[in-house]
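Asks: Have a look at this one.
The values are calculated or read from the model by the stated rules, or taken from the named source; none is laboratory data. Bear in mind that the values here come from a model prediction, so they are computed numbers and not experimental data. All Cβ positions, glycine included, derive from the backbone under ideal geometry; neighbour counts span all protein chains shown. Surface areas here come from the heavy atoms of the whole protein model, side chains and all, with no ligands, DNA or RNA. Shrake-Rupley method; radii C 1.70, N 1.55, O 1.52, S 1.80 Å.
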Amino acid sequence: MNHFQAILAQVQALLSSQKPRQVRALLDSLLEEELLSREYHCALLHESDGDALARKISLTLLEKGDLDLAFLTWVCNSLQAPTVERGTSYRDHEGHSLCATMDLGSTEGSYLELLNSDVDPLHLYHLYDQMDLAGEEEIELSSEPDTDTINCDQFSKLLQDMEMDEETREAYANIAELDQYVFQDTQLEGLSKDLFKHIGAEEGFGENIETPVEAGQKPQKRRFPEEHAMDSKHRKLVPTSRTSLNYLDLPTGHIQIFTTLPQGLWQISGAGTGLSSVLIYHSEIPEVNQVLPSSSPTVPSLPQSPDRPGSTSPFAPSAADLPSMPEPALTARVNETEVTTSPSPCQEGPEFSIELPKWPESVERFQHSLQDKYKTFPESPSGPLVAMELVRARLERGSNKSQERELATPDWTERQLAHGLAEVLQIAGDCRRPRETQVVAVLGKAGQGKSHWARTVSHTWACGQLPQYDFVFYVPCHCLDRPGDTYHLRDLLCPPSLQPLAMDDEVFDYISRQPDRVLLILDAFEELEAQDGLLHGPCGPLSPEPCSLRGLLAGIFQRKLLRGCTLLLTARPRGRLAQSLSKADAIFEVPSFSTKQAQTYMRHYFENSGTAGNQPKALDLLERQPFLLIHSHSPVLCNAMCQLSKALLEQGTEVQLPCTLTGLYVGLLGPAAQNSPPGALVELAKLAWELGRRHQSTLQETQFPSVEVKTWAVTQGLMQQTLGTTEVQLAFSSFLLQCFLGAMWLAQCNEIKDKELPQYLALTPRKKRPYDNWLEGVPRFLAGLVFQPRAHCLGVLVEPTAAAVADRKRKVLTRYLKRLKLGTLRAGRLLELLHCAHETQEPGIWEHVAHQLPGHLSFLGTRLTPPDVYVLGKALETASRDFSLDLRQTGIEPSGLGNLVGLSCVTHFRASLSDTMALWESLQQQGEAQLLQATEEKFTIEPFKVKSPKDVEDLDSLVQTQRLRNPSEDAAKDLPAIRDLRKLEFALGPVLGPQTFPALARILPAFSSLKHLDLDSLSENKIGDKGVSKLSATFPQLKALETLNLSQNSITDVGACKLAEALPALAKSLLRLSLYNNCICDKGAKSLAQVLLDMVSLRVMDVQFNKFTAAGAQQLVSSLQKCPQVETLAMWTPTVPFGVQEHLQQLDARISLR
C-alpha cells in the first residue's frame, strides 16, 4: 500500500502541473512502453476525473511489480522539455540525411512560441498527426511514413486546441506566418504541371529559399528547385533547414460562411496570403459540372500527394481520409480594415492549373489487370440466374439452450428489400463507424445464388460502377482452407491457387495505406467454419511474420489488419459461423425465387439451350407435380427440373416428372450411371460423403480413385473445375447433388452399423458425438432411397447386390420412425420428419406420422418455406381431426397462409397481425368471401403481449378494420379476434412505455371482453399519472375486467386519486388490483381506502413497496375491516415501522406482510 501511495502521489503531482495535451503525451508514452493496452489507453483519454485518472495510472504501474519511479521521472522530464532531437546520423524515409534538430517548443508549450520557433510546419503537423493516430491505428503495415500530407481531422483538432489556449489572441496574430509558408508554393510563377518533378532527392527547400527580409522591405521572389531524374511518383517534400524558413502572412479579419459552394469546399483568401483564393476540400469530390459562384475568384489546382490520391496540400487530405461534412461550408476573409504586409509578387503572376500526379505505374497496372480478370469471369455453371433483391436480416439467439445465433424470422410484411447493389452498400455504409472495418454478410441456403451474386459485385466494379473502391478482391474460401499453412496478408488478397496477379511491394504498400478503398469478398465462408473464435484474440498489434489463416482472419475481424476496409462475406446461416457475424455492420439474406422469377429462369434456360419451344411443355409438366412446383423457388432445384424436363421432352414419349426430390435426382443420375465405369458412381458417392463430414465440397484430382472415374464425372457434368483456380480443383455441380450422393453411400454401404443409421436422419440428435448434419439434404434423400421401390430408385443407380442392403436398413428405419414421439420434437425437426415421410412414399409411414401429430402445433420463430407449408397441409388433411396452429414469426407467404388456414381441419390459428390483415385484404380483392369469413372466424390473438410499438399499431389497424366493417357497433358482428380477447399484457419498458401507452389506451374500449390487463413489466413501464388518467377513462367500457396490474409504473398520489375516482365503474367485476412498487403516499392511500368500501367484488389488493406512512396504513386497515369480501391486503412497505405493521396484522389477519 505504501508503494502504491508513493506512485499515486508522484502521478498526481505530474498530472496537476501539465496541460491536457501533455497528459495525452504521458498516456502515449505508457502505451509505447506497453504498459497500457490500446483499449485502456483510449478509455483513459476520455477520463474526465483527474483523481480517477491518477489512480488508474498508478494501479497500472503497480501491477508491473518491480517497476520503480524512474520511468515517471523520465516522463516528467520529457514533458517539461518536449524536444525531439535528431542527430546527424538520422535519415528520413527516403534515406536522405536530416541534420536539423527539431525543437517543438518552450517549456510552457504554447502555440504562440511554437510559431515563433524554428520548427518546420510540415514536421510539426506530421508529428501531431502521428501522435493522434497512434491511438487509432493498431498495426503498421507500411514502413514508409507519409510526410507530405496531414489528416484534416487532426488539423481541426489542432485548431480547436488553439482556440482553448490562453494565448489565443497572440497565436492568431502569428498564425498568418504559418499560413503563408504552407500555401505559398501553389502560385509560384512558371511552375510546371508536375510539382514533384522539380524537387530534388538530396536538395531541400532550404537551399533555394532565401531567409525572410527585414520588416518593411519587399520580399523577394523564391527561386525554383532544380530538376532531377528521380521518378516523380515517388518524390517527397524534403524539409527545410532551421535557418531558412519562409512565412505566409494571413491577414486578420472576420470569417464569413457561405453555403452556396459545392459541399466540402473551404475558401481562404486575403490580401497577404500570396493567393487569390484557396479551397480546402473536406468531402466527396465535387462533380465536374458543378460551377463555383461567380463572386469567387478562379482557384488553381494544388499538387496531389503521391501516396494519397486527391490530396491537394498538407491541409487538404484525400477524400478517403475524411468523413463527409454535414453541411457545405466556405470561409473567406472579408471587411479588411487592418494594415497588412504588401502582397508577394507571386500574386501578380498568371494563374494556371497543375495536373494532379497519377498513381504509381505498378499500382495502376495491377488495378487494370484485376479489372480485366473480373471482366472475363465465366458464367455460373448452374445456369442463367435471375437477378434477385436481397432482404435485410439480423441474427438472434436460437430457441435452444446453445449459444448459437441464427437468422431472425421477420413477418412477411416486415421484410425490407434492398434494391440493387448500390443500396446494399449504402445501407451497410450508414452503419459504418469512422475509420473502422465494415463487415457485410450475405446469407442464404445452399443453391440460392450467393456465389453468383458475389461474382457480380466484382464484375460490377471491374466495369467502373463502384468508384468508392480502388481494389476489389474476390476470394473463394475453398482456396484458403489449407490446414498447417502459414499466410501473409497478400496471400489472402491474392491466393496462390487463384490465378494470382503479381503484387509487388509497392502495390502492397499502397493498398496497406489505403484500406478504406479496398473491398474484400470472402465467398462460401462456411467452408472455414472450423476457424471459430475470430472475434477473440490477444490485445495489441499482430506480428508481421506469417501466421495461420485463423490468425489472419482474426486480425481483419478485430480491426487490426486492413483497418477501414469493407469485408463482404457470403455464407450459409448455420453453425458456429454465426458467432463471427454477430458484430457485422449489416446482414442481408438471399430470398427464394418468386413464381414470376422461376418462370423467367425456365424461359432463359430453354432459350439458351436452343429449345425455347419446349418451355410451355416443361411448365405443363411442372404444374402436374405441385410438390416440385413449389420447390422451383430454389434456383438449384429449378435448374435440376429444367435439366430433367429437357431430357424427358427429348425422348418424345408421354412422360411426367417425379413427385419427390429423390426421384428428381434419380432421374438425372440414371442415364449417367448406365454409361459409367464399374463402380464409378459408388466411388463418387463415397467421396461426397467423406468430404461432407469434413465440411468440404472441393477436392483435388488426385483424390479420385482413377483417372477414368474423374473423366467420367466431369464429362457427365457431376463434377466441374472451380472458377479461376490454377490448380486442378474439382467441385460438385451443386450442393444438393453432393447431399444426394452422400445419402446414396449411406443407403448401400455395409460400413455403417444398423444401430447408427437413425442418427443420420438428424431428428433426435445424440448427446455424445452428435451428427452435425452439414449435408442438410441427406436425411430426406436417405429416406427416399431406402423406402422407395428398388427397381425405380436405388436399383437404377447401383448393382443389385448393393441395392439389396437397403432392405435391411428399411426395417431399421421403420422401427425407429414408429417409435418416435412427435410431441417431444421441436418445430424444425417435426417439419424435417414430415419431409422424410413424404420422400418415403410409404403410405404406412405417412399415415403413422400424420395421426401422431399433436392437436396444437406451434411453429413460433420457425421459418416456414413453401415446401414446409405443402407437406404440413398434406399431413393435416391426412390426420382428419381438428388442429390449432401458431404461425407467428414464421415468415410464411400470404398464399401459403391462406392455404393452411383455409383447411377445414384448422379451427383456430394465430399469425402476425399485419400478415393476417394483408391476407384479408387480398381475399377481399379477389372476391373470396367464403374463405375470408372462415379466416376471420378462426383467427385469434388470445393472449396478446405488446412487446414493440408496432404491436400497438397492428392492434389499432385491427380495431379500425372492425369499425369499417361494423359501423353500427353491433357486438354480434365484431371480429372474433377482438371480441374474444381476454388477456392483454403491456411490456415496453421505461422509455417506450410512456410514449406508446396513450395509443393503446385509445383502443382499449374496443376490447369489451377483456378480463386481464397487465401493465407490469420486469423493466418497468412507468406510464405515470398521465397514463393512469387515460386508462381510468376506459373503465366504463371494460365491464368484464377482473385483474388490473399497475405495478411498477411510477404512480404518485395524483394518479392514485384519479384511479380511485374511476374504480367504482369496475366495482362488480374487478377481483384483483395490484399497485406494487409505486410512489403512492398518504393522500393516495386515503383515496384508495375510501374506494375500497365500494369494490364489492374485490378479493385481492396489493399496495406493497409504496411510500405511505403509518397514517395511510391505518386508513387502509380501517376500510379493510369494513369489507368482508376482501381476502388479502398485501401492505408491507419500508416507510411504515415494522412494529406498526405487525400490530395492524394482529388487528386483521387478512393483511399480508410477505
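Asks: Of all the residues that make up the stretch 1024-1044, how many are among the polar types (S, T, N, Q) and either touching a Phe, Trp or Tyr at 6+ places or on another chain (Cβ under 8 Å) or part of a helix (DSSP H, G or I) (or both)?
Replies: Total satisfying the criteria: 3.
Asks: Right, next: Inspect all residues belonging to the stretch 372-379 and state whether any of them is modelled with pLDDT of 70 or more, outside the structural domain of residue 571 (by the TED database) and among the aromatic types (Phe, Trp, Tyr). Spell out the reasoning first.
Replies: Restricting attention to the stretch 372-379, the residues satisfying the condition of being modelled with pLDDT of 70 or more are 372-376.
Keeping just the survivors that are outside the structural domain of residue 571 (by the TED database) gives none.
For the stretch 372-379, residues modelled with pLDDT of 70 or more, outside the structural domain of residue 571 (by the TED database) and among the aromatic types (Phe, Trp, Tyr): absent.
Asks: How many residues are closer than 19 Å to residue 798 by Cα and polar (S, T, N, Q) if we restrict to the stretch 674-710?
Replies: Matching residues across the stretch 674-710 total 4.
Asks: Considering only the stretch 29-42, state which residues are surrounded by fewer than 14 Cβ atoms within 10 Å (Cβ to Cβ) and assigned to a helix (DSSP H, G or I).
Replies: Scanning the stretch 29-42 gives 32, 39.
Asks: Additional query: State all residues of the stretch 1078-1105 that are surrounded by fewer than 19 Cβ atoms within 10 Å (Cβ to Cβ) and among the basic types (Lys, Arg); if no residue qualifies, say none.
Replies: 1083, 1099
Asks: Name the helices (runs of 4 or more DSSP H) wholly within the stretch 610-656 that hold at least 1 residues that are touching a residue at least 40 places away in the same chain (Cβ under 8 Å), open to solvent by 30 Å² or more (accessible area, probe 1.4 Å) and not aromatic (Phe, Trp, Tyr)?
Replies: 626-631, 635-651
Asks: For residue 688, are the conditions met, namely being among the aliphatic types (A, V, I, L, M), buried (at least 22 other Cβ atoms within 10 Å of the Cβ) and farther than 30 Å from residue 875 by Cα? Let's see the steps before the verdict.
Replies: Values: among the aliphatic types (A, V, I, L, M): yes; buried (at least 22 other Cβ atoms within 10 Å of the Cβ): yes; farther than 30 Å from residue 875 by Cα: yes.
Judged against the criteria, residue 688 is a match.
Asks: Taking the condition of being touching a residue at least 40 places away in the same chain (Cβ under 8 Å), part of a helix (DSSP H, G or I) and either open to solvent by 10 Å² or more (accessible area, probe 1.4 Å) or in contact with an Asp or Glu (Cβ under 8 Å, 6 or more places away or on another chain) (or both), how many residues in the stretch 778-807 meet it?
Replies: 11
Asks: Mind checking which residues of the stretch 1052-1068 are at pLDDT 95 or above and assigned to a loop (DSSP other than H, G, I, E, B)?
Replies: 1052
Asks: Here is a further query. Would you call residue 810 basic (Lys, Arg), open to solvent by 10 Å² or more (accessible area, probe 1.4 Å), within 21 Å of residue 751 (Cβ to Cβ) and outside any loop (DSSP other than H, G, I, E, B)? Can you show your working first?
Replies: Values: basic (Lys, Arg): yes; open to solvent by 10 Å² or more (accessible area, probe 1.4 Å): yes; within 21 Å of residue 751 (Cβ to Cβ): yes; outside any loop (DSSP other than H, G, I, E, B): yes.
Answer is yes for this residue.
Asks: Considering each residue of the stretch 380-407, count those that are modelled with pLDDT under 80, among the hydrophobic types (A, V, I, L, M, F, W, C) and either out of contact with any helix residue (DSSP H, G or I) (no Cβ under 9 Å at 6 or more places or on another chain) or farther than 30 Å from residue 719 by Cβ (or both), and give that number.
Replies: Residues flagged as modelled with pLDDT under 80, among the hydrophobic types (A, V, I, L, M, F, W, C) and either out of contact with any helix residue (DSSP H, G or I) (no Cβ under 9 Å at 6 or more places or on another chain) or farther than 30 Å from residue 719 by Cβ (or both) within the stretch 380-407 amount to 2.
Asks: Okay, next question. Considering only the stretch 884-897, state which residues are on the phi < 0 side of the Ramachandran plot, surrounded by fewer than 23 Cβ atoms within 10 Å (Cβ to Cβ) and in contact with a Ser or Thr (Cβ under 7 Å, 6 or more places away or on another chain).
Replies: 884, 886, 888, 894
Asks: Can you report the number of residues in the stretch 576-609 which are assigned to a helix (DSSP H, G or I) and of a type in the set (Lys, Arg)?
Replies: From the stretch 576-609, those assigned to a helix (DSSP H, G or I) are 577-580, 595-608; that's our starting set.
Those left that are additionally of a type in the set (Lys, Arg): 596, 603.
Adding up the residues that qualify gives 2.
Asks: Here's a follow-up. (1) part of a helix (DSSP H, G or I); (2) crowded, with 18+ Cβ neighbours inside 10 Å: which one isn't true of residue 775, the others all being true?
Replies: (1)
Asks: Taking the condition buried (at least 20 other Cβ atoms within 10 Å of the Cβ) and touching a residue at least 40 places away in the same chain (Cβ under 8 Å), does residue 1035 pass?
Replies: Details: buried (at least 20 other Cβ atoms within 10 Å of the Cβ): yes; touching a residue at least 40 places away in the same chain (Cβ under 8 Å): no.
Considered against the rule, which asks whether it is buried (at least 20 other Cβ atoms within 10 Å of the Cβ) and touching a residue at least 40 places away in the same chain (Cβ under 8 Å), residue 1035 comes out as no.
Asks: When you check residue 829 against the structure, is it charged (D, E, K, R), at pLDDT 90 or above and within 29 Å of residue 451 (Cα to Cα), yes or no?
Replies: Considered against the rule, which asks whether it is charged (D, E, K, R), at pLDDT 90 or above and within 29 Å of residue 451 (Cα to Cα), residue 829 comes out as yes.
Asks: Filter the stretch 700-723 down to the residues that are crowded, with 20+ Cβ neighbours inside 10 Å and part of a strand (DSSP E or B) and list them by number.
Replies: 719
Asks: Scan the stretch 980-1023 residue by residue and report those that are open to solvent by less than 10 Å² (accessible area, probe 1.4 Å), of a type outside the set (A, V, I, L, M) and part of a helix (DSSP H, G or I).
Replies: 989, 993, 997
Asks: A further question on this structure: Are any of the residues in the stretch 663-678 at pLDDT below 90, farther than 23 Å from residue 786 by Cβ and assigned to a helix (DSSP H, G or I)?
Replies: No, the stretch 663-678 contains no residue that is at pLDDT below 90, farther than 23 Å from residue 786 by Cβ and assigned to a helix (DSSP H, G or I).
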